[in-house]
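S.K.: Okay, handing you the structure first.
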Amino acid sequence: MLSTNIRLIISLATLISPILHILSDLLEVSKGGFSPSQLWINYVAFLAIPFWIIGLYAIQLPRSGWMSLTGAIAYGASFIFFAGTTLYALVSQAVDYSTLLEELGSIYTFHGGLMIIGGLLFGASVIRVQVLPRWTGWLLIFGVSLNLLFRLLAFPDLTQIIGSTIRNFAFIGMGIAILRTRKSVQYPM
């Protein structure tokens, strides 16, 4: 049984973390690059993602299946890496996203691909199982698809913020939906 209190924690984390990520992106854009305070906000936002994405998977049980779990694990794992890159940027004093991407190269690209695959799978599962609002699944798929498109078309690195903002709004929508249901979920044994 997923208690009301656990659902509340998952929903609040699913709201706060994406809002912090959006704030971090706004600070990055306004300053024209990284700053220590912006990177710390980003780190806190990224650090929570693996936990609440697994929580979102759990909220969809027993309907969710392999697609939801695989998507949640892939998405969460990519953000374990991205949290590390934020610490790397702090230590190395990287000035902006382009510099960080240049320094980390293909390992960063690999984890970006993992995030896209995870987001596509998780978004598709949200649409399929219909526990969370379907539009949030579509928005997540749209956001990660934009991230992929911008990378493939070699758009400026700062455009990645558009895709991440859309993804963040998808998760905020999921968090709000959980808050609105406020019910305990029981699982078959």
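S.K.: May I have the convex hull volume per residue, in Å³, for the Cα set of segment 77-189?
M.R.: It comes to 131 Å³ per residue, whole-number rounded.
S.K.: Using the Kyte-Doolittle scale, find the helices of the chain whose mean hydropathy is at least 0.0 and whose Cα atoms extend 30 Å or more along the helix's long axis, counting only whole DSSP H runs.
M.R.: What comes out of the filter, once short or polar helices are dropped, is 4-31, 36-59, 66-92, 106-129, 160-181.
S.K.: Would you compute, from DSSP H runs of 4+ residues alone, the mean residue ellipticity of the chain at 222 nm, taking -39500 (n - 2.57) per run and dividing by the full residue count, rounded to the nearest 500?
M.R.: -28000 deg cm²/dmol
S.K.: Please list, by residue number, every one of the trypsin sites (Lys or Arg not before Pro) in segment 1-109 that is coil in DSSP and has at most 12 other beta-carbon atoms within 10 Å.
M.R.: Hits after loop and neighbour filter: 63.
S.K.: What distance in nm lies between label points placed 7 Å from Cα along the C-beta direction at residue 70 and residue 23?
M.R.: 3.6
S.K.: Next up: Between residue 88 and residue 44, what's the calculated FRET efficiency when r is the beta-carbon distance and R0 is 22 Å? Round to 0.05.
M.R.: 0.90
S.K.: Sticking with this one: Give me 6, 166 sorted ascending by neighbouring Cβ count inside 10 Å, so fewest comes first.
M.R.: With the sparsest Cβ surroundings first, the list reads 6, 166.
S.K.: Efficiency by 1/(1 + (r/R0)^6): what FRET value for residue 54 and residue 96, r their Cβ-Cβ distance, R0 = 45 Å, to the nearest 0.05?
M.R.: FRET efficiency, residue 54 to residue 96: 0.90.
S.K.: Give the relative contact order (percent, whole number) for the chain; include only Cα pairs under 8 Å separated by 6+ residues.
M.R.: Once divided by the residue count of the chain, the mean separation gives 30 percent.
Laboratory data are not the source of any read-out in this text; all were calculated from the coordinates shown. Quick caveat: nothing in here was measured; it's all calculated off a predicted structure. Using ideal geometry, Cβ is built from the backbone for each residue, glycine included, and neighbour counts are taken over all protein chains shown.
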